[in-house]
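Shown next, in structure tokens, is the structure this report addresses.
The values are calculated or read from the model by the stated rules, or taken from the named source; none is laboratory data. Note that the structure is a prediction, hence the values are computed from the model and not measured. All Cβ positions, glycine included, derive from the backbone under ideal geometry; neighbour counts span all protein chains shown.
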Amino acid sequence: MQKHLLFFVLALAIAMAPPLSTWAQNAGTKPELAMYRYNSSKTVSPLPVVQGDILGTIQWRGLVTYGDIRSGATIRSEITHPVAPGILQANMIFQTSAATGLIDRMIITETGLVGIGTNTPQFNLHTVGNTHTTGRFHGRIHFDVGQPTGLPNTYSDEAYFERKNRAALGGLPANAYPDGGILSLAPGGNSLRRQLFVGGTDGLWTRSQDPGGANSWAAWEKMLTSTDISGRPNLVARFLPPGPTSSALGEGQIFDNGSNVVIGGIAPAPAAATPAFNPADILTVNGNARVTGSTQVDGNVQSNSLNVATSAIVNGATTTGSLSVLTNATVNGNARVNGNVGIGKAPTTFDLDVAGSSNFDGRVKIGAASFPSAASYELAVGGGIIAEEVLVRLQPWPDYVFEPNYPLPSLQEVEAYVEREKHLPGVTPARDIESSGLNLGQMQKMQMEKIEELFLHLIALEKRIQILEAENAALKAAQQH
């Protein structure tokens, strides 16, 4: 009896309950599977769903181990906006299980945007990561600027590829293949569009948007390829004349093998394009070279003729047959000239011929084996000097001898000094001159000092003679009377 009563109460509760949360019809004219979400208990009046509620989830589960059931994939739907009578906005999120658990893989928003790798798509199809397709893609491709601060809809505009007839494009030469593909690039912003045409036997063509109009284009220009360029190995190409501009390339007179560069001296084809050069020289110029600006060379320079119009700075060695400097020449290292050097005049028969003034900031040595040990000497000459005039500036000159307080030594003092020292007072002794040389200026000063002292003694002696003569005359006069 109690068992039947229990079944009756259970049946009555089911009959009085609201509709079930799911129902399905897998056969008939309209099979469907529906999930019905409401809030509150089944035994009272249900409450409507709200934004953020999950309407339902489909899960695919599997038994991993005894007592452990895991979800491998899910599809769920979430309400994305506030609900209102007749309005329910929701999305659909697809998950798959990785080693760390379920991860959102794809979303279809309430507005129909599809996101792969992102739950906030901004486009009909928005992918985060690489995309690969084996089929055709129809339409235009927009490129994002890719800046960290740029929004996903910040474009550098678009690029699109179309098949076109070259005759319809205008400006392209006729070809056995009339059709081709044209790639149009529109960077956007303050830029010009550009097109690239391919598809014939005449290589690649490109043109730019004409600045004068949005839908007008400049003339087509051919892009040079390997079929347009031919020449001998290691020769640098040049644009060939005639005309103010040219897209034809040919051989030049510059040889570059990766280690050496040679300018000039290249024989015309079909001879080998290997001019004469020394492998130790990085740069070889076969002919004259003119430099109108500044040139700095840290290594060696070898030339048969070098003409420098302004400045030449050489930190290494320079060997030339003829060196002409019109203005300035600066040598930071050593300079060696095997011939004659004329400064301000040419030709010259002298080793060094200067027409004008010369300035030396350091010491000068002429014919001497070495400079004197004393750094105060600026000129060392290992031989004789002939001069019509020599000016020696000395301070002070010995006129101080005639001052009243000058300590003029007596002749007795001079005699005693000479007997003791074997030279006059204040005069450089012979032993010092033999070891250190003769200072002309100082010697001239000492000689003048001794001459002036001698004159003082002569003047004093003259006065004494006059006194003696007067006394002698007085004695003679007295004797006569």
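Annotation: Leu440 fulfils all but one of (1) loosely packed, with under 12 Cβ neighbours inside 10 Å; (2) farther than 30 Å from Ile343 by Cα; (3) free of Cβ contacts under 8 Å to residues at least 24 places away in the same chain; the unmet one is (3). Counting only residues that are over 16 Å from Gly437 (Cβ atoms) and touching a Lys or Arg at 6+ places or on another chain (Cβ under 7 Å), region 338-389 holds 2 of them. Answer yes or no: is there a residue in region 210-222 that is within 33 Å of the chain's Cα centre (by Cα), at pLDDT below 90, on the phi < 0 side of the Ramachandran plot and among the hydrophobic types (A, V, I, L, M, F, W, C). No: region 210-222 contains no residue that is within 33 Å of the chain's Cα centre (by Cα), at pLDDT below 90, on the phi < 0 side of the Ramachandran plot and among the hydrophobic types (A, V, I, L, M, F, W, C). Restricting the first member to region 107-119 and to residues that are outside the structural domain of Ala90 (by TED's automatic domain parsing) and more than 22 Å from His132 (Cβ to Cβ), and the second to residues that are in a loop (DSSP other than H, G, I, E, B) and among the basic types (Lys, Arg), no beta-carbon pair is closer than 9 Å while six or more apart or on different chains.
The listed residues are Glu413, Glu434, Glu421, and the only one of them that is within 17 Å of Glu452 (Cα to Cα) and not small (Gly, Ala, Ser) turns out to be Glu413. All conditions in (1) among the charged types (D, E, K, R); (2) within 30 Å of Asn286 (Cβ to Cβ); (3) not in a loop (DSSP other than H, G, I, E, B) hold for Arg163, with the sole exception of (2).
Each row is one residue, and each column tells you yes or no for (1) under 26 Å from Ala335 (Cα atoms); (2) touching a residue at least 40 places away in the same chain (Cβ under 8 Å); (3) of a type in the set (Val, Ile, Thr).
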{"site": "Leu379", "(1), (2), (3)": "yes, no, no"}
{"site": "Pro398", "(1), (2), (3)": "no, yes, no"}
{"site": "Phe402", "(1), (2), (3)": "no, yes, no"}
{"site": "Val418", "(1), (2), (3)": "no, no, yes"}
{"site": "Asp432", "(1), (2), (3)": "no, no, no"}
{"site": "Ala460", "(1), (2), (3)": "no, no, no"}
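Name every residue in region 232-279 that is within 30 Å of Thr201 (Cα to Cα), assigned to a loop (DSSP other than H, G, I, E, B) and in contact (Cβ under 8 Å) with a residue 24 or more places away in the chain, in order of residue number. Answer for region 232-279, where residues must be within 30 Å of Thr201 (Cα to Cα), assigned to a loop (DSSP other than H, G, I, E, B) and in contact (Cβ under 8 Å) with a residue 24 or more places away in the chain: Arg232, Pro233, Asn234, Ser247, Ala269.
One residue is enough: does region 174-182 have a residue meeting the conditions surrounded by 15 or more Cβ atoms within 10 Å (Cβ to Cβ) and out of contact with any Cys (no Cβ under 9 Å at 6 or more places or on another chain)? Yes: region 174-182 contains one or more residues that are surrounded by 15 or more Cβ atoms within 10 Å (Cβ to Cβ) and out of contact with any Cys (no Cβ under 9 Å at 6 or more places or on another chain).
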